[in-house]
Every structure is written in C-alpha cells, then in structure tokens.
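Chemist: For reference, the structure I am asking about is given below.
The values are calculated or read from the model by the stated rules, or taken from the named source; none is laboratory data. Values in this document were obtained by computation on a predicted structure and should not be read as measured data. Cβ placement follows ideal geometry from the backbone for every residue including glycine, while neighbour counts extend to all protein chains displayed.
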Amino acid sequence: MHGPAIRNTIRNTVTHGGAIRYVIRNTEVHQELSRMGSLKDRCKLYFFFAIGLFECLGFTGVIYGWASLVFVLRKEEYFLDVCDTLHNSSSNGAKNGSTGCDLQDDRLSLVFTIANFIFGFSAFPGGILFDFFGTMVIRILAITVYTAATLMIALSTAASAVLLFPALSLLAIGGMFLFITNIQVANVFGNQRSTIITLYNGALDSSAAVFLLVKCDHANSIGCDTLALPSFCRQEATPGQIEPYHGTEVNVREVDGTHDEMAGDSGHEQENIERDSVQRKAEEEGGPGERQENSEVGNGEMGEIDAVTLNEYVDATGHEEHIPTFRSCIFSKIFLTQLFWLSIIQLRLVIFIGTLNPLLTQAANGDALQVNRFTNAFAITQFFGIFTAPWNGLIMDRHRRRTISLLTVTAPVTSQRLADMNTVVLSLAVTVTLGVLFTIFATIPVLEVQYITFVLQVITRSFLFGGLSAFTTIAFPPCHFGKILGLSLAVAACVSLLQYPYVTLVLGPLQRRPLYLNIGSIVLVTLTYAHPITVYLHCRREMKTRVVVNPSQVEVSQLEE
C-alpha cells in the first residue's frame, strides 16, 4: 500500500459512521519521512536530528557538571559567610584552596539537591504541557527559562550567592523541557528508534562537560558570567522550524469507547493501518449490535490484566487494540518496578556527584592540585556519555530486529509490543549490573580507583536514562509517553532528595566515614534486579496466554481479498 492509499484509508477511517474520530497530527509528514526516497528529504531529517543532538549536548543536563562548578564556587568564596570562623585570606590560602568548611559544603550540596529535584520533577508538568500544547509552546518556555537562569548565574557574586538556588533550578527546568521536545525526533527513525533515544540521552549526560569549560575559563581569569553567552547563541534555532519533525505524535480521542494509535515504528506502521482499515469495514458490516458490544468492552476497566499490555478483544476479523488509561498504566507492576529501578540507581548517582568534591578533598588530604586533577578527569569522562549511551540502544535494536523477524508479518500489534518489551530485558539487566559495579567501586577510598568509578558512573547513567526513555516508548501507549516519562522522573527526583540528609550524615555524625551507608547502597542497588525480572516474567506469561487464546491468526491480505 502506497502513500495515497494510506492517506485515503486514514480519511475513510476518520469519516467512518461518525462513531470513531481520529485526530492524527502530521500524519502525512510522518509517512513522508518514514518512506523518504529523495536525498533532499534525508538531508532535512538528519539536519533536524543534528539540531536536536546539539541542543541536548549543550544545554539539557548541564547541572550534572556540578562537580566542576562547585570547584569554581568554592574559589569564588560562595557561601563562605556561613562558616563559623573566618578563613585566612592570605595569598597562600587562596592558592591552595584550603578555605571553607563543612557548612559551606553543606549549603552548596543543598543547591545541587534542589536543582536535581527540580530537573526530574519538572518532567511531569513538562510532559503534560507537551501532550496538550505541542512542541512550540514548550520550546519557547524552555528558552525563556534557560536564558533567565544563565543571567542569574552571570550576575551572581559571593555576596548574592543565594541567587544560585533559583538559577540552578531554572537551568534544570529549561534543560528538561528542551530534552522532552527533542527526544520526539526518534519516532521517525523506525528500527533505529532506541539507538536515537539513547544517543540523545547520552548527549544530555555529555552536556555536563559545559561546566568544565566554565571551570577552565575561570582558571584563565574569566568569570562565571561567560555562561550567559551560550544561552543567547542558542536562540538562533527557531522553534517553529523544528516543530513538524519533533511533533510527529498522535492525538487519540475516544468515542463509543474505541481507541487506536499510530505506532512510532515505521516498520509496522503500514501493516497496522491496513489491519485497522479491514477491521473498520468488518465492524460496519457487523451492524450496530456488534459495535455496541465493542463499545462495552472498550469502556470496561483493565481488570486483572496487567495494565501495561494493551487490552484487546477478538472478533471474526482479527485483533482490536485498545489503549489503557493513564491511571491503569501507573498502577501496573511494571511501572512500579520501573520507579524503584530508576529511583534507587539515580539516587546513588546523585549522591556520588553531590559528595564528590568534599570526598576528593578528604582523600587528597586537602591537596588542591590533586582535587583539581580528579575533578577535571571526572568532567571529561562525562563528555563520553554521548558515545556510551548508543551501546544500550544498539543492544535493544539488534535484539529487537532478531525477535521481530521471528514473528509473522501479520502478528498482532500487541504481540509485537510484547516482543519489543522482551528485547529490553537484557538492557535493563546490564544497567543494574553496571550500577552495582559502580556502587562498589565508589565505596573504595583510594584516589586512583576513582578513575574506574568515573567511567562506570558515566556508562551507568547513560544506560539508565537511555533505557528509561526507550522502555517507556515501548511498554506504554505513545499518547501517555510525556506523562509517564515525566511522572517517572518526578518520583525519582523526590527520592533523590534523600541525598541531602545523606550528605549531612556523612559530613556530620559519620565524620566522612560512610561505611554502613555504602553497604546499604550496594544492597539497594542490587535489589533493582527486580525490574528486569518482572518485565521478563510478564512478557513470558502474556505471550503464553496469547498462544493459548489465539493459536491461529487470519492474514490481513486474505481478509482484503
């Protein structure tokens, strides 16, 4: 079926009987991009992909370069006034960086804790705004907020250090909103979708290196006000130019309880539309009685069926796919284990970043040169997130292509979705394994070992968030993508607030000897294996159920004849 035939099928579906209304945004653009043949269209697609990658690389996750920025802030004596005793302002003290106290570290840690919380929590309202208003509104808001944040940092001084609280928070909001809008471009890459998603997440991780540039500028006697320059430069990317390509989404409305969706995977898209067309014709021939029965099924609750698997009923024509409600998705076992998996591993990563500077200072016995060298090494490794993240996507896409090839061409959409979920299990398990190794190495108080810890940290983080985004697009309906991803990050952000009492305990009562806390962290991260195990068991159970319920399938081509 070619482009004109597909568009006619969509139009017939929209106007069919007045019972079902589909509002599909940018359908023709999506079809054109997924089947592009001309060099011009390919260049246009990759141009917008490059623009999105550049934005993620330069602006989305800069707050995670905190270890570099806090080095500069300590040099600039931010929050030094909270120390109980005045520091020695001699030239020697200024050069060796020995000034400061635990109260200063505590206040700086609070700035990062709040910013990290805002970064994750803003994903939920950002996802809701994106689902309702589209790309343009979110991008304009992101640019405005980001510019305000960089101006606050540029205008801040040691006397007005309190500006760091709103500045870093706004920087986090702007970065998250930009990421939400840019990641949508992955939907037009079909079988490479997971690779593109993880690549964008890797670019977010690599953006932490931006603060390393600020640190290097400061070493050359250039102030923090240079941070405002990239914000003004980035406004050259006009939001309206990227809108059609980031906004390939589907708005689904429910009439008489029947739902449908346009899958992001171009490999199965034509097949799904053909099957839907045949099913609509069969429903029309079946009369109002059958449509009423279908309506009653559509309006029912998910019941005992796991909410992540799309609810479906079987009629004489084949399979009909129904979209679960947002409420049923967030109360499913898979979503709950995903929250636990994400929250625990992210908490460990955030604790490491937030406590890195004081722990390096202690391990180096206050040697500012060693602290500077290891801080630079950590910041440099963050940049390589853009290279390590696609490994996760390649694992998923390669396993996915092998699994999908085993399915019949006319396999139900839900069977394909379950197969996709099954391919993610390996990625989830690898992520947990990396998290356990990272946690173990992070507990070793030897400076040279921290080089390995830095590498494990950047790989774990890129696998974690890349896998989260890819799994969300596979396991949940596209119409809920923004809300579910946002809610996941928001809950994880709330859990990450535990970083502050953790730092308080380490710097206070434990006197920087967090042995028992480290042991507890290893145990908690190990328990996150529950998520890949749950996904594997769910897919295995559902696939067996479908084989028993529907052992034979009717080919769409035969129905059309």
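Chemist: For I351, indicate whether it is of a type in the set (A, V, I, L, M), at pLDDT 85 or above and at negative phi.
Modeler: Answer is yes for this residue.
Chemist: Could you say whether any residue in the range 121-136 is over 22 Å from the mean Cα position of the chain (by Cα) and not in a helix (DSSP H, G or I)? It would help to see each step written out before you state the result.
Modeler: The first filter runs over the range 121-136 and keeps only residues over 22 Å from the mean Cα position of the chain (by Cα), leaving none.
There is no residue in the range 121-136 that is over 22 Å from the mean Cα position of the chain (by Cα) and not in a helix (DSSP H, G or I).
Chemist: Moving on. Output yes when any residue across the range 358-375 is surrounded by fewer than 20 Cβ atoms within 10 Å (Cβ to Cβ), basic (K, R), modelled with pLDDT of 80 or more and touching a helix residue (DSSP H, G or I) at 6+ places or on another chain (Cβ under 8 Å), and no when none is.
Modeler: No, the range 358-375 contains no residue that is surrounded by fewer than 20 Cβ atoms within 10 Å (Cβ to Cβ), basic (K, R), modelled with pLDDT of 80 or more and touching a helix residue (DSSP H, G or I) at 6+ places or on another chain (Cβ under 8 Å).
Chemist: Show the residue pairs meeting these rules: Cβ distance below 9 Å; 6+ apart or different chains; first residue within the range 443-469 and within 15 Å of I351 (Cβ to Cβ); second residue among the basic types (K, R) and at pLDDT 90 or above.
Modeler: Within 9 Å, the pairs are T460/R348.
Chemist: Just checking, does the range 494-501 include any residue being of a type in the set (V, I, T), surrounded by fewer than 15 Cβ atoms within 10 Å (Cβ to Cβ) and modelled with pLDDT of 90 or more?
Modeler: Looking through the range 494-501, none of the residues is of a type in the set (V, I, T), surrounded by fewer than 15 Cβ atoms within 10 Å (Cβ to Cβ) and modelled with pLDDT of 90 or more.
Chemist: What number of residues in the range 337-373 are assigned to a helix (DSSP H, G or I), more than 21 Å from N518 (Cα to Cα) and of a type outside the set (S, T, Y)?
Modeler: Total satisfying the criteria: 8.
Chemist: Related question: Kindly indicate which of D131, D105 is under 19 Å from L497 (Cα atoms) and modelled with pLDDT of 75 or more.
Modeler: D105
Chemist: Which condition number in (1) among the polar types (S, T, N, Q); (2) under 27 Å from F71 (Cβ atoms); (3) under 19 Å from the mean Cα position of the chain (by Cα) is the one that T195 fails?
Modeler: Among (1) among the polar types (S, T, N, Q); (2) under 27 Å from F71 (Cβ atoms); (3) under 19 Å from the mean Cα position of the chain (by Cα), T195 violates only (2).
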